[in-house]
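Here is the structure we will look at, set down as structure tokens.
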Amino acid sequence: MSHMDQASNLRRLMHQARSTRTIAIASGKGGVGKSNIALNLAIMLSASGQRVALVDADLGLANLDVLVNVEVRSNLSHVIAGTRRLEDILIDLPSGVQFVPGASGLARLAHLGEFQRAQLLNDFARLEADNDVIVIDCGAGIGPDVLHFAASADKVIVVTAPEPTAVTDAYAMIKVLSQLPYKGACGLLVNFAADRNEARMTYQRISTVARQFLGAKVLDAGYVLYRPQGARSGAGGASRSCWPAPSRRQAGASPPWPSNCPPAEGWPSEKRAFSGKSPTGSAKFFRKSYDNSGEHGCSIIRDKLRVK
């Protein structure tokens with residue numbers, strides 16, 4: 001039995017015994033704000049009265065502890081090594097979220113064996129006794145660890161940004177999930193959207209190609225608008241999430257999509273379907289900061305997922 005079959009069976013058995021829901025946050029490309037989305041979604045769900053656990057499952061390159069600004073003494077590497085139990089590494093955040101820290105800088109964690117992955121999922125299942133929702137922050141890409149955690153979740157949210165490489169990689173993630181096959185619900189969230197129209201265009205582009213070439217239904221999981229650093233919404237208030245957009249976006253530039261690039265082997269027709277004009281152009285997102293669009297954006301996610 002493959003590790004994907006094991007994950008599917010585990011998810012089915014978990015459904016029979018509990019009502020806890022698991023949401024995996026994934027992305028094809030790094031740097032699209034996946035961890036910020038996972039954190040803010042967990043905070044919003046907790047604020048709505050849900051008991052929430054947030055798991056940093058980006059094995060080897062975990063960084064949620066930096067975002068929540070906590071000192072971590074033990075993490076998932078100790079659980080995998082058998083020197084700590086999962087209960088020993090839990091951190092209760094001020095927001096009411098139960099946090100499971102991952103490890104960073106340990107190459108051996110980036111490639112777990114099938115037994116280790118299955119054991120880790122069994123450990124995560126113990127979180128259900130004290131939580132209504134488990135949010136799993138997966139690593140970026142389509143590695144075996146990412147796919148294993150995603151396949152075990154009830155819902156997968158693929159996070160992307162409205163720029164060519166992020167859109168292409170988000171589609172690749174959705175394609176791989178559809179080929180497992182993944183039986184849960186898969187949604188797409190557009191981060192760093194300049195406005196609602198750009199978010200809708202990005203979602204429609206990916207969902208249409210997925211339906212046409214994969215026969216896969218991709219749900220609209222919402223969007224988070226870009227706000228310049230320090231910007232305030234009409235209601236004002238504390239900041240939440242998003243990173244500042246690059247100078248090209250601030251200048252209003254809209255360079256073309258790379259329509260003349262040779263298609264990648266394995267899915268040439270799909271890749272050609274992404275050619276044309278980019279709504280906002282190419283961008284890189286590095287510096288992490290917060291703004292108040294995150295709370296509104298994650299409210300949209302929560303409502304669309306019907307996690308209430």
- If you take the residues of region 112-150 that are aromatic (Phe, Trp, Tyr) and touching a residue at least 12 places away in the same chain (Cβ under 8 Å), which of them is surrounded by the fewest Cβ atoms within 10 Å (Cβ to Cβ)? 124
- Task: Of the conditions (1) within 17 Å of residue 53 (Cα to Cα); (2) at pLDDT 90 or above, residue 141 clears all except one; give me its number.
- Result: (1)
- Note on the structure: Filtering region 79-107 down to residues that are part of a helix (DSSP H, G or I) and without any contact (Cβ under 8 Å) to a residue 24 or more places away in the chain yields 81, 88, 89
- Considering each residue of region 166-187, count those that are at pLDDT 95 or above and of a type outside the set (Gly, Ala, Ser), and give that number. 10
- Message: Based on this model, can you work out whether residue 32 counts as crowded, with 24+ Cβ neighbours inside 10 Å, of a type outside the set (Asp, Glu), more than 27 Å from residue 163 (Cα to Cα) and at pLDDT 95 or above?
- Response: no
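The values are calculated or read from the model by the stated rules, or taken from the named source; none is laboratory data. A quick note: this is a predicted structure, and the numbers were derived from the prediction, not measured. Positions of Cβ are backbone-derived with ideal geometry, glycine not excepted, and every protein chain shown enters the neighbour counts.
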